[in-house]
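Take a look at the structure below.
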Amino acid sequence: MWMETKTDVEEASRSRASLSRRVLNTLLLCTGDMECLDEYMQDKSFVLQLGVWGLRGVTRVILANNPLSGALILVALYWASPWQGLLGTLGILVSTLTAVIMGQDSAEVSGGLHGFNGMLVSLLIGVFSSTGDWYWWLLLPVCLGSATCVFLFSGLSSVLDRWDLPVAVFPFNIIIILYLLCTGQDNPYFPHHAATPPGALELNGTKLIATEVIRGIPLGVGQIFACGALGPSLLILGAVLLYSPLLAVHALLGSAIGTLAGLSMAVRHDSLYLGLSGFNGALGCMAIGGLFFAISWKTHLLAIASAFLSAYADIALSNLLGTVGLPACSWAATLTATLMLLLTGSLAAYRIPIGQVRAPEHNLRSRSQWAAGNTAERESTDV
Amino acid sequence: MWMETKTDVEEASRSRASLSRRVLNTLLLCTGDMECLDEYMQDKSFVLQLGVWGLRGVTRVILANNPLSGALILVALYWASPWQGLLGTLGILVSTLTAVIMGQDSAEVSGGLHGFNGMLVSLLIGVFSSTGDWYWWLLLPVCLGSATCVFLFSGLSSVLDRWDLPVAVFPFNIIIILYLLCTGQDNPYFPHHAATPPGALELNGTKLIATEVIRGIPLGVGQIFACGALGPSLLILGAVLLYSPLLAVHALLGSAIGTLAGLSMAVRHDSLYLGLSGFNGALGCMAIGGLFFAISWKTHLLAIASAFLSAYADIALSNLLGTVGLPACSWAATLTATLMLLLTGSLAAYRIPIGQVRAPEHNLRSRSQWAAGNTAERESTDV
Amino acid sequence: MWMETKTDVEEASRSRASLSRRVLNTLLLCTGDMECLDEYMQDKSFVLQLGVWGLRGVTRVILANNPLSGALILVALYWASPWQGLLGTLGILVSTLTAVIMGQDSAEVSGGLHGFNGMLVSLLIGVFSSTGDWYWWLLLPVCLGSATCVFLFSGLSSVLDRWDLPVAVFPFNIIIILYLLCTGQDNPYFPHHAATPPGALELNGTKLIATEVIRGIPLGVGQIFACGALGPSLLILGAVLLYSPLLAVHALLGSAIGTLAGLSMAVRHDSLYLGLSGFNGALGCMAIGGLFFAISWKTHLLAIASAFLSAYADIALSNLLGTVGLPACSWAATLTATLMLLLTGSLAAYRIPIGQVRAPEHNLRSRSQWAAGNTAERESTDV
């Protein structure tokens, strides 16, 4: 009886251990780039594949690449605003489909690279529209804008490839500026709000509230998706955490640095409270901290420098574009990250070739491998 | 007697057939790129050669390359305004001569590539001047501006050659913006009108007149030469038709698309009536439809997409530059066409290398030939 | 006695001749690039080396490369304003040290290439600040701005190297515009003056004073260092003369051409009197006249064309950026010189590869040598 019980307990503990091991394994499978999923999806229907490509695209916005994180982010967007969620979903589908029709590289399409710019354009068209939610005519520019992103992505990649640079969100930044310029604020069909520059003087100088400023830091992560609510922003942060804890830490760090930069330049309080000061810093910090550079204390310092530069450049560009009522979107972070990727000198040794960029943890693990591979590759291309 | 008459008739009909065949042959010789003329001109005097180079340059503005078309266009310009015709002629001569003096590539000079930017700068300086016609001091900036175009063409070609891109009208667009910025609207020597952005609100909202809008479509072709009269615009369209019917169709189609885009954005009525909404669409459509891409139903669709993108980008840029009183010129079409030429994916296979671009009909005929040649060439340059 | 005296005289004259020969040799050693100093400095302490690198950096602003000239220029700056001198010194030290820490190419660092942008940023931050001298908080943006220049220099060099172009003062121009945009005119911590565009209408139209205009020509050379006093400007011109008489002549010539261009466009009188119209012309003229091109009558004409283009482009850009209260800095000259370096055609044969650029006199002497070397080098890189 006692023996039996002991065996029972042993078995139970064993099965629990095996269960927790299985759960852990499953969890580990769900983190990082989830490359195993690609093999599994190969013989599935086109609609299912398109879904996975789209979800990967959703996470590309925040420099991740994981369908589960994408699903979490979509949930967060629908939670914040169903209309915005719908626009984002439409944008990602339209641009991915356009890429399929235009015969773009299938590896790029399945990696979600042709979806994220379209999604951002759609979200921002929705946010800046002054017609309110459920204005169905807006689907027209959303579809056109998303489709145009593919043209820009394809064209820009030809140019940027020469320096092994990613196209990143350049297409989104260009298209949204063109859209806002095209329609103008008083357009009879597609009117929109003017963006207020962060340096605008406050009409009634209220005191800065510290808790609100701190609340703006996680909101800065949400603002990457033009989402200004705390709950969804935290869920988005969780999605990044699922992909890579290192990236999530850099996202928060970058947002905090952006807020600090905003404070040092005495920007509008709203800009700090809503996380608008933080999101360029977050993007600039994430791009360098682990993603495009193998993480080390040197690249960590570079990521901090990149966050500061992104944040200050964002204030500068917002003030400039604000004179004609335009937002600076993520121009600052995109340009700063591009600059950092072009750096020569001892820091360039930490850079990961664009084709080999994976989750930061994976980058770190395979660093010695790609370093060797990189040298061999360079030799072969230099001939 | 009857036999004789019959022979007479036969002979007459034969001579008529031979005559019409000769006329047709001569006509065919006069269409397309007229490369036969180059051989004929080789031993002629420099002034005659310069004339042909200039006439080729005139047609380069509208993406054609045919001295007879050039003569027709010059006639149209002198018809619309003798002063404008004079400025255009001066511009093309000055910039072509500058290129000769600066020792630019002789094939480029004789192809008229160094003339068209200078001509456009001269025409636009004339159009924007608020001093009226026959203000002789204007010849000074016209000469300087035309000459400077050669510097920009030469410098930009070094950069753009890396991606096998044409310099197109980038020099014109840069120089005219610099000229207008340099003089300012209230300059004591060279005052000019401010450009009105298409999104400007109309003071007295009149109803849109459909016939005027339709009239704006052919005017859009004339506006490529800053010409706003119907007769000369139709003559210019005829000149394009002489070079290549396919190009003429795309010119009209592009202008119509541009007008449609203008309508969808509710631009100023004047902008529609004068063809200002159409000309960027026309240029964007012509560049893709047959000229830089071998025509097929796929590239035809791409040409339509290019026309829409050019037109919307033109409205956007005009609204932006209009805030400081500047016109957007043909920035939109030039940038859009450059983007389309950079496209990767399945559409890139239809692209014709810049060095082998001829009239669309010729491009189509020799497609299989250059496709083979292109592969061979790429292999040799890739080593 | 007589013999003795004669010998005495002979000896005295001999010693005088030998002395003057020695002085001349020493003087010749002190002109040009002073490459002999580099060997002498190799085993000296880091602080001394840093000093020489800094002094070379000071002269890089004015396209020279000579530590003694650098010392003269620093004296001129401290003479004009001790606060400005301090800011400039700090800027050059911070950016050179940042380059050392970031592991930039040591040849570039020791050539002063990482110092001059930081120095210019610091000087301009000081000039535009509206807080007056000795506002110590200003050291914060001065240090940050100078350090950021190194990032931009390194990143831009990766791009521009493809066309063998120098980075020149692009980093300075970008950073100062970003700084001024970031802080805004009414910033509570770092307020600054708005720049007045040269085309601004004068409130009380006074008559132009010819002597003041002529006084503006040497001031144009000083304005390269944002220095508007006559004495220090002449000292700076003297420093250039020490490096290379040919460069000094082109500096004055360019400044005169810039003033002429300003007169032809009827710019504000202040702009002429203070040398602000001249300094872009001076830079544009110096870059082409001897430095990046081997001097000949052809390149001398090109230098004059470059000066005119720089000056007119500066008026245009100043008018544009002036609408948002920004200065055009040396954008015009930098862009113009870059354009000239990209020229194809017969003039390209006179161009000196960036790696072999020395003082104009030295360039001229070794022209046949580098021409041969250049051909050989090209052959080896073309493989």
* Just wondering, is there one or more residues in region C:185-208 that are in the same structural domain as residue C:86 (by TED's automatic domain parsing), polar (S, T, N, Q) and touching a strand residue (DSSP E or B) at 6+ places or on another chain (Cβ under 7 Å)? -> yes
* Asked: Any idea which of (1) under 24 Å from the mean Cα position of the chain (by Cα); (2) within 24 Å of residue A:283 (Cα to Cα); (3) of a type outside the set (Asp, Glu) is the one residue A:143 doesn't satisfy?
  -> (2)
* (1) in contact with a Gly (Cβ under 8 Å, 6 or more places away or on another chain); (2) of a type in the set (S, T, N, Q); (3) more than 27 Å from residue C:364 (Cα to Cα): which one isn't true of residue C:323, the others all being true? -> (1)
* May I ask you to list the residues in region B:83-126 that are of a type in the set (Phe, Trp, Tyr) and crowded, with 24+ Cβ neighbours inside 10 Å? => B:116
* To do: Please indicate, with yes or no, whether at least one residue in region B:219-228 is outside the structural domain of residue B:27 (by TED's automatic domain parsing), of a type in the set (A, V, I, L, M, F, W, C), surrounded by fewer than 20 Cβ atoms within 10 Å (Cβ to Cβ) and closer than 27 Å to residue B:139 by Cα.
  => no
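Could you please give the count of residues in region C:252-275 that are aliphatic (A, V, I, L, M) and within 21 Å of residue B:186 (Cα to Cα)?
Matching residues across region C:252-275 total 7.
Every residue, every condition in (1) within 23 Å of residue A:339 (Cβ to Cβ); (2) small (Gly, Ala, Ser), yes or no:
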site: C:69; (1), (2): no, yes
site: C:79; (1), (2): no, no
site: C:94; (1), (2): yes, no
site: C:105; (1), (2): yes, no
site: C:110; (1), (2): no, yes
site: C:117; (1), (2): yes, no
site: C:134; (1), (2): no, no
site: C:147; (1), (2): yes, yes
site: C:153; (1), (2): yes, no
* To do: Please find, among B:232, B:245, the residue that is under 27 Å from residue B:29 (Cβ atoms), surrounded by fewer than 19 Cβ atoms within 10 Å (Cβ to Cβ) and more than 14 Å from chain C (Cβ to nearest Cβ).
  => B:245
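If only one of B:150, B:240, B:221 is under 23 Å from residue C:317 (Cβ atoms) and β-branched (Val, Ile, Thr), which one is it? Working first, answer last.
Details: B:240 fails: under 23 Å from residue C:317 (Cβ atoms); B:221 fails: under 23 Å from residue C:317 (Cβ atoms).
Selected residue: B:150, the only one of B:150, B:240, B:221 that is under 23 Å from residue C:317 (Cβ atoms) and β-branched (Val, Ile, Thr).
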* Segments classed as helices (runs of 4 or more DSSP H), wholly inside region C:265-349, with at least 1 members that are surrounded by fewer than 21 Cβ atoms within 10 Å (Cβ to Cβ) and within 13 Å of chain B (Cβ to nearest Cβ) -> C:297-322, C:331-341
* Filter result for residue B:240 (assigned by TED's automatic domain parsing to the domain that holds residue B:309, under 18 Å from residue B:290 (Cα atoms) and surrounded by fewer than 23 Cβ atoms within 10 Å (Cβ to Cβ)) -> no
* Just to be sure, is residue A:214 surrounded by fewer than 23 Cβ atoms within 10 Å (Cβ to Cβ) and at pLDDT 90 or above? -> yes
* Can we say residue A:129 is on the phi < 0 side of the Ramachandran plot, buried (at least 21 other Cβ atoms within 10 Å of the Cβ), among the polar types (S, T, N, Q) and modelled with pLDDT of 95 or more? -> no
* Asked: Does residue C:261 count as more than 17 Å from the chain's Cα centre (by Cα) and among the aliphatic types (A, V, I, L, M)?
  -> yes
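I'm checking my understanding of the structure. Among residues of region C:244-257 that are small (Gly, Ala, Ser) and either over 16 Å from the mean Cα position of the chain (by Cα) or part of a loop (DSSP other than H, G, I, E, B) (or both), which one is nearest to residue C:301 (Cα to Cα)?
Top of the filtered list is C:256.
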* To do: Select from region A:28-52 the residues that are of a type in the set (A, V, I, L, M) and over 22 Å from the mean Cα position of the chain (by Cα) and list them in ascending order.
  => A:41, A:47, A:48
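The values are calculated or read from the model by the stated rules, or taken from the named source; none is laboratory data. What you see is a predicted model, and the numbers here were worked out from it, not measured in a lab. Note: ideal-geometry Cβ built from the backbone for every residue, glycine included; neighbour counts use all protein chains shown.
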